[in-house]
Amino acid sequence: MYVAAASLMMLIGACRAAPTQQPNRIVAIGDLHADLPAALSTLQMAGLVDASGHWSGGTDTLVQTGDITDRGPDSLELIELMTRLEGEAEAAGGAVITLMGNHEMMNLVGDWRYVSPEDITDFGSVEARKAAFAPSGALGSWLLSRDAVAMVDGVVFAHGGVSARYAELGVTGLAAQVHGALAGQGAPEVLSEEGPMWYRGYLQAPEPIACEELSRALTALGAHRMIVGHTTQSSGQIASRCGGALLGIDTGISSHYGGHHSAVQIRSGDARAIYPHGQVDLPDPAAATAR
């Protein structure tokens, strides 16, 4: 059931930005869609939480690329989990970065098309959930504090993808434009299907076209790789395009999409997919291993 806003706000206030030093290991996890058991199973599989769900990743950096809400029953519990892990990771010298996906944005603007009845029941009533996700509510204010894009050690992370057009703004400029649009200021089109929370071009366009645009975007951003969620891979496997410069990590982790648990780890530029059956090496762009 819904917890007191003050308790969650105390947890949020304890969180800090990601450390600036190069992380020991970067782990990226895609869409979780309000499925707490799947989230915990995936985090434990990746060596980031222990059996009790507490941070065990030490100095690792976790980037979760958005869409922790909707479809399933556990939006509240997943936000509480990610908030708690932010504080626990920071205390251990690591970091947890949770990005804003299109479903977080939809909840903020009152679009509940994909909210499950069980999720509403978890809050006690429609009114309680609305209050929690309002911009001034405990969950809404936490979502508003999320960025739509982040860069860690030369890797850009976004929910949908950063098109070449929006890459010209840089990571900081693009994040600011999204926040401005959500506040009713600036250009609202950054929240559209061409913006970083919805864009699917890198995984749906023919690869030569996608790679040409990706190259321009990465150059503008000063990055060598982009990792995105949002576009579910029917294979249940991590997608790699453009020689590993683009990784698609929405494999359908939640039970709603089949429960295909996965994560990506990057250590010294080397990317590997993590699955319940073991690890699989992924292609790496030359710029990643030359660092």
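The values are calculated or read from the model by the stated rules, or taken from the named source; none is laboratory data. Owing to the predicted nature of the structure, the values given are computational and were not obtained by experimental measurement. When we count neighbours, we look across all protein chains shown, and the Cβ atoms used for this are built from the backbone with ideal geometry, even at glycine.
Couple of notes before you dig in:
- Selection status of Gln185, of a type in the set (S, T, N, Q) and either in contact with a Cys (Cβ under 9 Å, 6 or more places away or on another chain) or at pLDDT 95 or above (or both): no
- Residue check for Ile253: in contact (Cβ under 8 Å) with a residue 24 or more places away in the chain, aliphatic (A, V, I, L, M), surrounded by 13 or more Cβ atoms within 10 Å (Cβ to Cβ) and in a loop (DSSP other than H, G, I, E, B): yes
- Pick from region 33-57, criterion assigned to a helix (DSSP H, G or I) and among the hydroxyl-bearing types (Ser, Thr, Tyr), ranking: farthest from Asp250 (Cα to Cα): Ser41
- In region 213-238, the residues that are under 23 Å from Asp270 (Cβ atoms) and surrounded by fewer than 18 Cβ atoms within 10 Å (Cβ to Cβ): Ser215, Thr219, Gly222, Ser235, Gly236, Gln237
- With a requirement of 2 or more residues that are within 19 Å of the chain's Cα centre (by Cα), surrounded by 15 or more Cβ atoms within 10 Å (Cβ to Cβ) and not polar (S, T, N, Q), the helices (runs of 4 or more DSSP H) lying completely within region 104-197 that satisfy it span 138-144, 164-167, 170-182.
- Region 198-212, subset in a helix (DSSP H, G or I) and touching a Ser or Thr at 6+ places or on another chain (Cβ under 7 Å), residue surrounded by the fewest Cβ atoms within 10 Å (Cβ to Cβ): Gln204
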